[in-house]
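The values are calculated or read from the model by the stated rules, or taken from the named source; none is laboratory data. The structure displayed is predicted, hence computed values, not measured ones. With ideal geometry, Cβ positions are generated from the backbone for all residues, glycine too; neighbour counts draw on all protein chains shown.
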Amino acid sequence: MIQTIANAFTVPEIRRKIAFTAAMLALYRLGAYIPSPGIDVNTVKDNRIELRGSNILGFLNLFSGGSLSRLSLFALGIMPYITASIILQIAHGGAAVAGEAAEGGESASRRSRSTTRYLTVGLAFAQGLGYVFLFRSFQNQAAPALSARSPSPRSS
């Protein structure tokens with residue numbers, strides 16, 4: 001087993017593919033820690049408790065690898081692609097897509113992948129906008145609470 005793994009690194013094509021995969025994973029993890037521009041990080045920290053647990057936000061945070069709780073650049077994760085794939089399978093009928101791909105060959109498969117990618121971009125835009133409005137509402141709810149907690153100036 002160890003010898004097989006060691007031999008894999010001697011083949012240049014496999015070594016290049018492993019290096020590319022490692023670089024993409026490192027880039028994704030870096031993007032998962034960089035906060036999105038225009039986000040008040042302190043408000044996010046105050047509302048982080050809502051992103052844990054068994055509610056829908058906790059579920060979405062789980063799928064994003066915890067980057068939703070930090071509102072990072074890559075907070076959407078792979079969810080738009082998964083959603084696009086599911087929508088296309090439902091729209092075309094799961095078995096019908098498999099049969100069409102077998103009948104149409106490579107061109108039908110390429111067209112299906114292309115449609116999935118375009119739908120992914122649209123869904124990512126829509127989901128990103130939804131997250132912006134969701135977390136803006138958190139920020140608006142937290143603003144009165146934060147001002148109520150701040151000490152009032154003493155009158156002499």
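One table, with the values for the structure above:
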| read-out | value |
| --- | --- |
| Search result, residues across the stretch 12-40 that are surrounded by 11 or more Cβ atoms within 10 Å (Cβ to Cβ) and either modelled with pLDDT under 70 or closer than 13 Å to Ser72 by Cα (or both) | Leu27, Tyr28, Arg29, Leu30, Gly31, Ala32, Tyr33, Ile34, Pro35, Ser36, Ile39, Asp40 |
| Tally of residues being in contact with a Leu (Cβ under 6 Å, 6 or more places away or on another chain) and among the hydrophobic types (A, V, I, L, M, F, W, C) across the stretch 10-38 | 1 |
| Selection within the stretch 109-139 - of a type in the set (Phe, Trp, Tyr) and either crowded, with 16+ Cβ neighbours inside 10 Å or over 17 Å from Ile87 (Cα atoms) (or both) | Tyr131, Phe133, Phe135, Phe138 |
| Residue among Leu129, Leu119 that alone is part of a helix (DSSP H, G or I), more than 28 Å from Val41 (Cα to Cα), at pLDDT 80 or above and not small (Gly, Ala, Ser) | Leu119 |
| Some residue of the stretch 134-153 being outside any loop (DSSP other than H, G, I, E, B), within 16 Å of the chain's Cα centre (by Cα) and modelled with pLDDT under 80 | yes |
| Every residue from the stretch 78-92 that is under 15 Å from Tyr118 (Cβ atoms) and either among the aromatic types (Phe, Trp, Tyr) or part of a loop (DSSP other than H, G, I, E, B) (or both) | Tyr81 |
| Flag if Ala75 is modelled with pLDDT of 70 or more, among the aliphatic types (A, V, I, L, M) and assigned to a helix (DSSP H, G or I) | no |
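For every residue, the table says whether it meets (1) over 24 Å from Gly122 (Cα atoms); (2) at pLDDT 80 or above.
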| residue | (1), (2) |
| --- | --- |
| Arg70 | no, no |
| Pro80 | no, yes |
| Leu88 | no, yes |
| Gly93 | no, no |
| Glu100 | yes, no |
| Gly105 | yes, no |
